[in-house]
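Here the structure is laid out as structure tokens; the discussion comes afterwards.
Nothing in this text is a laboratory measurement; each read-out follows from the coordinates by a stated rule. Note that the coordinates shown come from a computational prediction; the quantities given were computed from them, not determined experimentally. Cβ coordinates were reconstructed from backbone atoms using ideal geometry, including for glycine residues, and neighbour counts include every protein chain displayed.
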Amino acid sequence: MAAGVKRQNQEKSAVKEKILPRKLIAPALIFSIALTQVPFLVTIYFSLMEWNLLKPQEKAFAGIDNYIYVFQTGDLLPAIIATVGLTAFSVICSLFVGLFFAVLLDRKFRGQSVARTLIITPFLIMPAASALIWKFSMFDTNIGVINYIVQKLGFSAIGWSTQYPYISVIILLTWQYAPFMMLILLSGLQSQSREVLEAASVDRAGSWRTFAFITLPHLRQYIEIAILLGTIMLLQAFDPVAIMTKGTGGTKTLAYLLYERAFVGMNVGQAAAYGVVTVILTIIVATISLRSLFKVFISGVNK
Amino acid sequence: MRSTKAILITGMTWIIAVTYFFPVSWMFINSFKSENDAASLTPKFVFKPTLESFSRLADRGMIDYLTNSLMASVISTSVVLILAIPAAYALSIRPIVKVQDALFFFISTRFMPAAASILPLFIIFKNLRVLDNIFALSLVYAAMNLPIAIWMMRSFLSEVPQEVIEASRIDGANFETELWSVVLPIVLPGIAAVALICFIFSWNEYFFSVLLTSANAKTTPPFLASFVDGRGQFLAVLSAASTVAALPVILAGWFAQKQLVRGLAMGAVK
């Protein structure tokens, strides 16, 4: 009798054990689906409509007209190139700058933590503020500090954000994200075993050889993490384009293009079609990088 | 010989660090200039400091935008914590079979561009009459930060020693006691890091704020951008506004560097 009750309790708690985690995760799951997946389904529906907010009475079913438009106007390919190019260049530049900073900071010297604090600050600044400050106090043709130096060196002033918007955006993004790369790589450098490094110096391996054959292989995992997280953040960078260049000079990314269609052109149907295409492209890119991200993280976690 | 080299490298590091920081210090310096001094063709390091720009910010009602930013950040961070703690707990301490699938789903929503959801959100909010509403904006921010929060939290929770949890279960602790009095106190620093990062992301967010808010609920980043449309000189007042807007996050980041790194790398880096 007692044993039966006990078994019943055990069964009950086993069922509870199974249900509880589901109950715990359900609110987050439902919230996430409601605010990200459901709107996406609605976007697909919108993309099949002829719908301009300026002419609301002419709303009608359009079939794949919007998609035909998207692929025919020739805005799409440049936007893809801009998005991929800006992201790739910014990730690569900030990775190298970040690695350089990490190596500089990975030694004991007076005020090391102050120097590190100065260097991470650009990452903490509100991105909208960074874009504005760079545009008007650094890049400006009249009062920009960089142009002051350029002119002192004997060249004529450069209209950075108007003449070279592409490079300007990359400089800004690199300035913002190199500290992030540096933080991850620095913790990688600091997790190196001192014994191995000492053994290398006893063996009189030069510092370059030590760096190339011991430090870099050790850093590999950290570099992968830095690249993947940097890509997630930089793919969605909208502020510098919207504030600094307004999509000129090859900086019209997919996000900015969609913004322009929807909120300047007020064409919901076309903008939605751009949105759907953007998502499909992102899924292709993301699935590849996510799988590797996942491998890196799961192996990192389970170690 | 060796020490000369060390001094050289240290000197170089310092020069690089100060140069890299220069745009920030320049923003700070410009915020105390008069507009004429800020617009000088030769950069002015010596000038008569004034608080004029800051009082002009007050006149333009910056305090309202800061309040909106603060509300959006606090509300969204609270929502994220309420949703993420139980979910992360289920994914780490009481793992269910499909942990990997669930994690994959959450992180993939973070990859999903804002482009995918902004249009419907705009139209739905408009029809529900919650466009330009700080609570609605907060919910969007919560959805934006939830996946990262769950990932970070999971990594912090998975470090809780299994023995501690088992011991509490043997003592007959039910789930609530286990979570509230055993697990949470151990991971409190981790939760603080997650909260800080969610706060920073919401405080700095521009895209959704510029599109989903206008007069009432506008947050600080679009307010900053609005200076550009003004005529005449605006660099001093723009610098002052940027300084005020960036300062809370800079200070928080300086004091919590370690936790920030750990959290931002989603636990993959210790």
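For region A:259-270, in order, what is each residue's ³J(HN,Hα) by Karplus, 6.51 cos²θ - 1.76 cosθ + 1.60 with θ = phi - 60°, in whole Hz (x at glycine and Pro)?
In residue order, the calculated couplings are 4, 5, 4, 7, 9, 9, x, 6, 9, 5, x, 5 Hz.
Note down the magnitude of the dipole of region B:99-241 about its Cα centre, charges +1 on Lys and Arg C-beta and -1 on Asp and Glu C-beta and zero elsewhere, to the nearest 20 debye. Spell out each step's value before the answer.
Working: 7 positive and 10 negative charges, 165 e Å.
So the magnitude is around 800 debye.
What number do you get for region B:61-197 when its Cα radius of gyration is normalised by 2.2 N^0.38 Å, N = residues?
Details: Rg = 17.7 Å, N = 137, 2.2 N^0.38 = 14.3 Å.
In units of the 2.2 N^0.38 Å rule of thumb, it is 1.24.
Could I have the simple spin-label model distance between B:Glu159 and B:Glu52, label points 7 Å from Cα toward Cβ, reported in nm to one decimal?
Simple spin-label model gives 5.1 nm for this pair.
Taking every pair of alpha-carbon atoms in region B:110-178, give the share separated by more than 15 Å as a whole percent.
Working: 1621 of 2346 pairs.
The answer is 69 percent, as a whole percent.
State, in angstrom, two size descriptors of region A:77-117 derived from its alpha carbons: Rg to one decimal place and Dmax to the nearest whole number.
Cα-based Rg and Dmax for region A:77-117 come out at 15.8, 51 Å.
If a/c stays under 1.5 just call it rounded; otherwise compare a/b with b/c (prolate if a/b is bigger, oblate if not). Do that for region A:63-160, with a ≥ b ≥ c from the square roots of the Cα gyration tensor eigenvalues.
Working: a/c = 2.74, a/b = 1.59, b/c = 1.73.
Verdict is oblate for region A:63-160.
Quick one: length gained pulling A:Lys23 to A:Asn142 fully straight, 0.36 nm per residue minus the C-alpha distance? Working shown, then result.
Details: separation 119, 0.36 × 119 = 42.84 nm, distance 6.07 nm.
36.8 nm is the gain from fully extending A:Lys23 to A:Asn142.
Indicate the gyration tensor shape class of chain B (rounded, prolate or oblate), computed on the Cα atoms with a ≥ b ≥ c the square roots of the eigenvalues: a/c under 1.5 is rounded; otherwise a/b larger than b/c is prolate and the rest oblate.
Working: a/c = 2.59, a/b = 1.42, b/c = 1.83.
Because a/c hits 1.5 or more and a/b fails to exceed b/c, chain B counts as oblate.
Grab the beta carbon distance between A:Lys59 and B:Ser108, set R0 = 41 Å, and tell me the FRET efficiency rounded to 0.05. Please report the intermediate quantities before stating the final value.
Values: r = 32 Å, r/R0 = 0.78.
Once rounded, the FRET efficiency stands at 0.80.
How are the alpha carbon pair distances in the protein assembly as shown distributed across 10 Å bins from zero to the largest one, expressed in percent?
Spelled out per bin, shortest first, that is 3, 15, 25, 25, 18, 9, 3, 1, 0, 0.
What is chain A's relative contact order, in percent, from Cα pairs under 8 angstrom and six or more apart in sequence?
Details: 311 pairs, mean separation 85.4, N = 303.
Relative contact order, chain A: 28 percent.
Hey, with R₀ at 56 Å, roughly what FRET efficiency would B:Ala167 and B:Asn36 work out to, going by the Cβ-Cβ distance, to 0.05?
Numbers: r = 70 Å, r/R0 = 1.24.
Taking R0 as 56 Å, the efficiency between B:Ala167 and B:Asn36 is 0.20.
What distance in nm lies between label points placed 7 Å from Cα along the C-beta direction at B:Ser226 and B:Ile16?
4.1 nm
When the convex hull of the Cα atoms of chain A is projected onto a plane and the area is averaged over all directions, what value comes out in nm²?
Values: hull surface 109.8 nm².
Mean projected area for chain A: 27.4 nm², to one decimal.
Find the percent of Cα-Cα distances in region B:18-79 that exceed 16 Å, and round it to a whole number.
Values: 1156 of 1891 pairs.
More than 16 Å apart: 61 percent of the Cα pairs in region B:18-79.
Please go through region A:169-218 and write out the trypsin sites (Lys or Arg not before Pro) that DSSP classes as loop and that have at most 15 other C-beta atoms within 10 Å.
Working: sites: A:Arg194, A:Arg204, A:Arg209; in loops: A:Arg204.
Sites meeting the loop and neighbour criteria: A:Arg204.
Can you pull a Stokes-Einstein diffusion coefficient for region A:87-239 at 20 °C (1.002 mPa s), Rh from Kirkwood over Cα pairs, as a whole number of µm²/s? Present the calculation step by step, with values, prior to reporting the outcome.
Working: Rh = 17.2 Å.
Translational D for this selection: 124 µm²/s.
Counting each DSSP H run of 4 or more residues in chain A as -39500 (n - 2.57), what helix-only mean residue ellipticity at 222 nm follows after dividing by all residues, to the nearest 500 deg cm²/dmol? Each step should come with its number before you reach the end.
Numbers: 14 runs with 211 residues, N = 303.
My calculation for chain A gives -23000 deg cm²/dmol from helical runs alone.
³J(HN,Hα) across region B:177-192 via Karplus (A = 6.51, B = -1.76, C = 1.60, θ = phi - 60°), whole Hz, x for Gly/Pro?
Listing the rounded values in order: 4, 4, 6, 6, 9, 10, 7, 4, x, 5, 9, 3, x, x, 4, 4 Hz.
What's the FRET efficiency of B:Arg60 with A:Ile284 using the Cβ-Cβ distance as r and R₀ = 60 Å, to the nearest 0.05? Write out the running numbers ahead of the final one.
Details: r = 45 Å, r/R0 = 0.75.
Step by step, r from the Cβ atoms, then E = 0.85.
So for the pair B:Gln233, A:Thr162, with labels modelled 7 Å out along Cα→Cβ, what separation do we get in nm?
Result for the modelled spin labels: 2.0 nm.
Evaluate the charge dipole of the protein assembly as shown about its Cα centre and quote only its size in Debye, nearest 20, assuming +1 on the Cβ of each Lys and Arg and -1 on the Cβ of each Asp and Glu. Walk me through the numbers before you get to the answer.
On the way: 44 positive and 29 negative charges, 194 e Å.
Dipole size: approximately 940 debye.
Rounded to whole Hz and in sequence order, give me ³J(HN,Hα) for region A:30-42 from the Karplus expression 6.51 cos²θ - 1.76 cosθ + 1.60, θ = phi - 60°, writing x for Gly and Pro.
Result, rounded to whole Hz: 5, 4, 5, 5, 4, 9, 10, 7, 4, x, 5, 4, 5.
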